[in-house]
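Colleague: Let me give you the structure first, and then I'll get to my questions.
The values are calculated or read from the model by the stated rules, or taken from the named source; none is laboratory data. Owing to the predicted nature of the structure, the values given are computational and were not obtained by experimental measurement. Please note: Cβ atoms are built from the backbone with ideal geometry, for glycine as well, and neighbour counts cover all protein chains shown.
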Amino acid sequence: MTSNSPLIRTRWQAIKMAAAFISPYKRQVLYSLLALLFTAAITLSIGQGIRLLIDRGFATNSTDLLAQYVSIFFLLVLALAVGTFTRYYWVTWLGERVIADIRRKVFDHLIHLHPGFFEENRSLEIQSRLTADMTLLQSVIGSSVSFALRNFFMMIGGIIWLFITNAKLTAIVMICVPLVVAPILIFGRRVRKLSRQSQDKVAIVGAYVGEILGQIKTVQAYNHQEIDKNKFRQYVEEAFTVAKARIVQRALLVTLVIILVLGAVGLMLWVGGIDVIEGKISGGELAAFVFYSVIVGSAVASISEVIGELQRAAGAAERTIELLDTPNQIKSPLKPQTLPPVSGNIKIEQLNFAYPSRQDVFVINELSLNIKAGETLALVGPSGAGKSTLFDLLLRFFDTNTGRIKLESIDIRQLNITELRQCFALVSQNPALFYGNIADNLRYARPDALDTEVEAAAKAAYVHEFICELPQGYLTQLGDAGLGLSGGQKQRLAIARAILANAPILLLDEATSALDSQSEFWVQQALTQLMVNRTTLVIAHRLATVKSADRIAVLDQGRLEALGSHAELMKSSKLYSQLATLQFQHNSK
């Protein structure tokens, strides 16, 4: 009993989720149900049309009666066609609409989740859930459920007509119902488990494809194609093996149902044929009974097949619920404090932080630092010293374990996240560009920026001339992640975007690392102008940036090792002097 409770809870959650998304469309659901009931009633009425056609048409040898009943039959067929069109349209519309809503809600939830979630879960696998799983759910909501309901109504109506037509023959058919239901329950549970495994394997396949194609230059540069082909073949075969097991279970289920149902129909035909010969029932009644038997049998078989689809959908629904139920660990407070005009005063008090995946290793360790409004503070130190992590904490991508970060004397955890992040403009070491044109990428922080403002930012970053040389200028389309641009061009576009954001605090994470000497010189001039009256935190190894900073903070293993100007640190900090000496030696070569 205990082992089944999580399964029952998940199924109930899936039903609740589906009901919540369907409930806004009650009118469309009503249209679908009415059309479904109408088509089921018409289909069942055809059985009576067949009875009348045989008993009062063929048996009477009257062409007039035959024509009359054939006309009625054609009218029923026409009504069935109209009802089927209506049912198909509204059911399919409902499925597409509901899945669009689910996709939007899942994406809206994901885009606000803390970055730590995506470090622990592969983003490409999540992408698969938004595509493959949603396609499966759409098929079920927009088709399979309707098909199952229609066949359920046909089964109930057919059984009622069977009893009305001949109770004795109906008893023969009913004997087989428990025999049909039992394999549905047994095999259905197996299919559901295998369906979840199959969807997980397919998601892995999709994630691997996205990863390899996204790094295609590296793959080909190292001639890694054969290894990746073999690895992909392994993933595909694993997915196929699980899918094959699921197919076997579903095929066995449908086969058993067909044998049992049609075996019952065969037995019923033998008994009914004897009754016709003995004159106990008419040929029309037997034909109608056969029609209803086939309706009931095919309905049961169809329902058993749909149950397999529903089991697969249950797996997709579980994965969707997992995403929607993932808590966002970084939230704005219910009653955020009002942020005063931001001049850029930042105070870091006894900060400790370890990433959730490595909680025993503190990346930031007892760090205290006061950053004055308008000053440029350079952060230097060896790799892993915690420099980039400090930027993540300032932007509240993660929350500190202990200690506080204050902006204008207010703990940043007491501020609205949107307002907090509007105070910063970030230029990372690997600039993020998006599929779209250059102007849209520059406007990423300020979608309402005027064309003149966009051009001014580009000129300040010394990228305007390069853009104008492109075939379509600012409307030139960029590939995924800025594919086709050099590292320096990408970084200058990112700097122009930060300039356009016009935030009071700049975060520059190796912002000039990908630039050649000439580009670096001009961008440094632009950054020097941009830094006026702005608080700037710079992560850099190049002395051109470090030496011009007001102060330099030397970090080592998350601790503040030293703080001061370049000249002061050359005398007081052994670590800094070593780093600076290496830079001097590198630049002199």
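Colleague: Filter segment 98-127 down to the residues that are buried (at least 16 other Cβ atoms within 10 Å of the Cβ) and in contact with a Lys or Arg (Cβ under 9 Å, 6 or more places away or on another chain), then identify the one that is farthest from A19 (Cα to Cα).
Modeller: Selected residue: H114.
Colleague: Which one of the conditions (1) modelled with pLDDT under 85; (2) part of a loop (DSSP other than H, G, I, E, B) does Q489 fail to meet, given that it meets all the rest?
Modeller: Just one mismatch for Q489, condition (2).
Colleague: Within the set of pairs 6 or more residues apart or between chains, which connect a residue that is not assigned by TED's automatic domain parsing to the domain that holds G381 and part of a helix (DSSP H, G or I) inside segment 561-572 to a residue that is of a type in the set (A, V, I, L, M) and surrounded by fewer than 17 Cβ atoms within 10 Å (Cβ to Cβ) with Cβ atoms less than 8 Å apart?
Modeller: none
Colleague: Additional query: Any idea which of (1) assigned to a helix (DSSP H, G or I); (2) under 27 Å from the mean Cα position of the chain (by Cα) is the one A439 doesn't satisfy?
Modeller: Here A439 meets the rest and fails (2).
Colleague: Would segment 496-505 turn up any residue that is more than 28 Å from K406 (Cβ to Cβ) and modelled with pLDDT of 85 or more?
Modeller: Yes, segment 496-505 has at least one match.
Colleague: Would you mind stating whether S383 is within 30 Å of A503 (Cα to Cα) and at pLDDT 85 or above?
Modeller: no
Colleague: Quick test for you: out of L379, L334, L310, pick the one residue that is in contact with a strand residue (DSSP E or B) (Cβ under 8 Å, 6 or more places away or on another chain) and aliphatic (A, V, I, L, M).
Modeller: Of the residues listed, the single one that is in contact with a strand residue (DSSP E or B) (Cβ under 8 Å, 6 or more places away or on another chain) and aliphatic (A, V, I, L, M) is L379.
Colleague: Let me ask something additional. When the residues of segment 546-566 are filtered to those that are over 41 Å from the mean Cα position of the chain (by Cα) and farther than 21 Å from K347 by Cβ, which remaining residue is surrounded by the fewest Cβ atoms within 10 Å (Cβ to Cβ)?
Modeller: K547
Colleague: Checking the conditions here, which among A35, A20 is of a type in the set (G, A, S), at pLDDT 80 or above, crowded, with 17+ Cβ neighbours inside 10 Å and not in a loop (DSSP other than H, G, I, E, B)?
Modeller: A35
Colleague: Moving on to the next point. All but one of (1) outside any helix (DSSP H, G or I); (2) closer than 17 Å to L506 by Cβ; (3) modelled with pLDDT of 85 or more hold for D448, so report the exception by its number.
Modeller: For D448, the failing item is (2).
Colleague: A follow-up question, please. Looking only at segment 4-11, decide whether some residue is among the hydroxyl-bearing types (S, T, Y), at pLDDT below 65, in a helix (DSSP H, G or I) and surrounded by fewer than 18 Cβ atoms within 10 Å (Cβ to Cβ).
Modeller: Scanning segment 4-11, I find at least one residue that is among the hydroxyl-bearing types (S, T, Y), at pLDDT below 65, in a helix (DSSP H, G or I) and surrounded by fewer than 18 Cβ atoms within 10 Å (Cβ to Cβ), so the answer is yes.
Colleague: Same structure, new question: Regarding E237, is this residue under 30 Å from V209 (Cβ atoms), surrounded by fewer than 15 Cβ atoms within 10 Å (Cβ to Cβ) and charged (D, E, K, R)?
Modeller: When the stated conditions are applied, E237 passes them.
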